[in-house]
Amino acid sequence: MKPNISFEFHKCFSTFTIFFVVFFHFSPCSSSRSLSEPEFTNPTAITKAKYANHTAISDFRMINRKKLSECPDPNPYIEINVSSTNSQLSDDQFVTVTISGVLIPAASDWVAMISPANSDVSSCPFNGIQYQQTGDFSVLPLLCHYPVKAQYASSDPGYLGCKNHECKQRDSRGKCAVKTCTATLQFHVINIRTDIEFVFFAGGFITPCILKRTTPTSFANPKKPLYGHLSSIDSTGNSMRVTWVSGDDSPQQVQYGNGKSQTSVVTTFSQADMCSSVPTSPAKDFGWHDPGYIHSALMTGLQPSTTFSYRYGSNSAGWSDSIKFKTPPAGGADEVKFLAYGDMGKAPRDPSVEHYIQPGSISVVNAIASEVSSGNIDSIFHIGDISYATGFLVEWDFFLHLISPVASQLSYMTAIGNHERDYIDTGSVYITADSGGECGVPYETYFPMPTSEKDKPWYSIEQGSVHFTVISTEHEWSESSEQYAWMKMDMASVDRTRTPWLIFMGHRPMYSSSDGLSIIPNVDNKFVQAVEPLLLSNKVDLVLFGHVHNYERTCAIYQGECKAMPKKDGNGIDTYDSSNYQAPVHAVIGMAGFSLDSFPSTASAWSLKRISDFGYARVDATKTDLNFEYVNANTTQVGDRFHITRS
């Protein structure tokens, strides 16, 4: 299909952006301890509001890419110190960073966590336009290397008022002549393999200069095997793949069951594997972080719907804890219970500012962890916009750390989204740069799905009574495409006596009351026109999409018209009768983390339920009844419920 955004638009906007980068860049680095930040508040707020549905914008992402010179500050008392239980960092801990000796606390004082510690800090005056690629159109400066996270010193509520102070010099009468102020900050640190230093800046995010830096601190075991997660490779339930990250390039093992073991296949990706254009992508430049080595091993000889234990690692690199996991039911079994959602990402567990914070992600993970621990869930489906790393590679580690408590216990299946795949001139349908130059490479490395080959991330799998058809909305889906032929073949081949339910999953929706941007609407009518007829002709029961950050349910719909409406059962629950099939029911479930999208005051007749709260979908499908629930992550209450029945 034709691109949604013309090359001319990008060329004109890039020229416009370069002008503003040059115009605003050459403000001097702040040297005054009380200097406030330049007044960019209103333009930034306007930009954030305008592009709210396209990409989240953090002030931290707009740090100036200029030389991090030492501040011309004569203060001899300033210190920055790191205190932790051990001299080296553990795999998961909170680190206390103390800045002291400050004569005049300023709201623009801040601390960055830099990794690796030898990161380039040379001047990069034009590279601010790189953020424009991923939808960040604010023209504010940047550091030359992406800081993992940052906090303003005012995160300590006593800092600006100098409540924590000490006397550095007294006069002849014994009174304090020089009083300095202190701030104590907490940083959540996980094992990202490369050493870390903390840097104290003056001048805010816009015009930073260095006041003091710590000596580098390393992790106790940078080779430690971490962040294991499971996925299914077929519909039997007899095999499970476990994937983990380590700083060790030697093959390791997964040990499971009663004395079984398998050796891992080791892979990785490099900066050369990232995509780029003009200007350079974040993944190719200042957002790069070494991913270590990704290990994957196949546990075979299992039984479906059964609990086993496993651990992964090696004697030289170390071992994970022993983890219990549950295999999904085999395709054709009587029942499957699964959770589904899209657009999760991650958020800091400290007061830090980071690139692309998804505020609902932690509450959703906590809620689904409770579900998984109950033993009543068989699998999870995460349908696109996985980590929102978008070219800032260290954030994949933080996302994997977030989901590991649940993804290590059951099958965690995924679909690719725009923020994993899309980039200019790389074969994605949409020529935005939403992946920040990742182009699907990290996603497919971290989450190997049962696909036919690389960069063809569509697949199907059966669990219990359900056949899942999982597509990529970011790869070509027109009627002449390979993916279209596969969709047609896959859905036509489903044995409905074996798996009576057919669920279709992807990222971008066919129906949404939230319009999105005028240049990139949430619903692509060409996608609807090409693929929707396949759903009807193959009698798809339920369609699940993400991309829009809320929950919305439709009637049984085709071509924008309600072909059937649900009826209330004896408990007042909406019930769709699939025995008299008319059209599929659609649900948008992109409410798992990213800042929520609101709904217009009025909606079309096909929109039956709309909720803008963080949550997830819980589905229980037997041979004759599919029960769907939207669960509010903060309250764990069911906000919407419906049935689809068949005789």
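The values are calculated or read from the model by the stated rules, or taken from the named source; none is laboratory data. Quick caveat, the model's predicted, so the values are computed rather than measured. Glycine also receives a Cβ, built like all others from the backbone with ideal geometry; neighbour counts cover every protein chain displayed. What goes into the accessible areas is simple: the full protein's heavy atoms, side chains included, and nothing from ligands, DNA or RNA. Shrake-Rupley method; radii C 1.70, N 1.55, O 1.52, S 1.80 Å.
Miscellaneous remarks
- Heavy-atom accessible surface of Thr280, to the nearest 10 Å², is about 50 Å², with a 1.4 Å probe and all protein chains retained.
- Over the chain, accessible surface divided per residue gives 37 Å², non-protein components excluded, 1.4 Å probe.
- Rounded to the nearest 10 Å², the accessible area of Lys224 at probe 1.4 Å: 50 Å²
- The angle between the Cα long axis of helix 394-407 and the longest principal axis of the Cα atoms of the chain comes to about 50 degrees, rounded to the nearest 10.
- With only Cα atoms counted, region 439-527 has Rg and Dmax values of 14.6, 44 Å.
- Accessible surface, 1.4 Å probe, highest first, among residues Asp434, Asp171, Asp290, Asp334: Asp334, Asp290, Asp171, Asp434
- Between Arg349 and Lys324, the simple label model (points 7 Å from Cα in the Cβ direction) yields a spacing of 2.2 nm.
- In the chain, the longest principal axis of the Cα atoms and the axis of helix 482-492 are about 40 degrees apart.
- Against the main long axis of the alpha-carbon atoms of the chain, helix 525-537 sits at an angle near 40°.
- Surface/4 of the Cα convex hull for region 326-392, nm²: 5.8 nm²
- Alpha carbon centroid spacing (whole Å) that separates region 349-387 from region 324-348: 13 Å
- For the pair Gln529 and Asn315, label points projected 7 Å from Cα toward Cβ lie 6.5 nm apart.
- Among Gln169, Phe381, Ile416 the positive-end extreme of the charge dipole of the chain (Cβ point charges): Gln169
- Note on region 415-440 and region 495-525: Cα centroid distance 18 Å, given to the nearest whole angstrom.
- DSSP-defined beta bridges in the chain - what % are antiparallel, rounded to 5: 80 percent
- By the Stokes-Einstein formula, at 1.306 mPa s and 10 °C, region 333-451 with its Kirkwood radius over alpha-carbon pairs has D equal to 106 µm²/s.
- Point-charge dipole on Cβ atoms (K/R +1, D/E -1) for the chain, about Cα centre, debye to 20: 1040 debye
- Carbon-plus-sulfur accessible fraction, the chain (probe radius 1.4 Å, protein heavy atoms only): 51%.
- Of the whole protein surface, Met449 contributes about 30 Å² of accessible area at a 1.4 Å probe radius.
- Of the listed residues Asp524, Asp455, Asp92, the order by accessible area with a 1.4 Å probe, largest first, is Asp92, Asp455, Asp524.
- Across the chain, the volume of the C-alpha convex hull divided among the residues equals 157 Å³ per residue.
- Spatial offset of region 141-175 relative to region 594-647 amounts to 47 Å, using the alpha carbon center of each.
- With the simple spin-label model, which puts each label point 7 Å out from Cα in the Cβ direction, the Ala220 to Phe94 separation comes to 1.9 nm.
- Residue among Gly342, Pro282, Thr327 farthest towards the positive dipole end of region 282-388, charges placed on Cβ: Thr327
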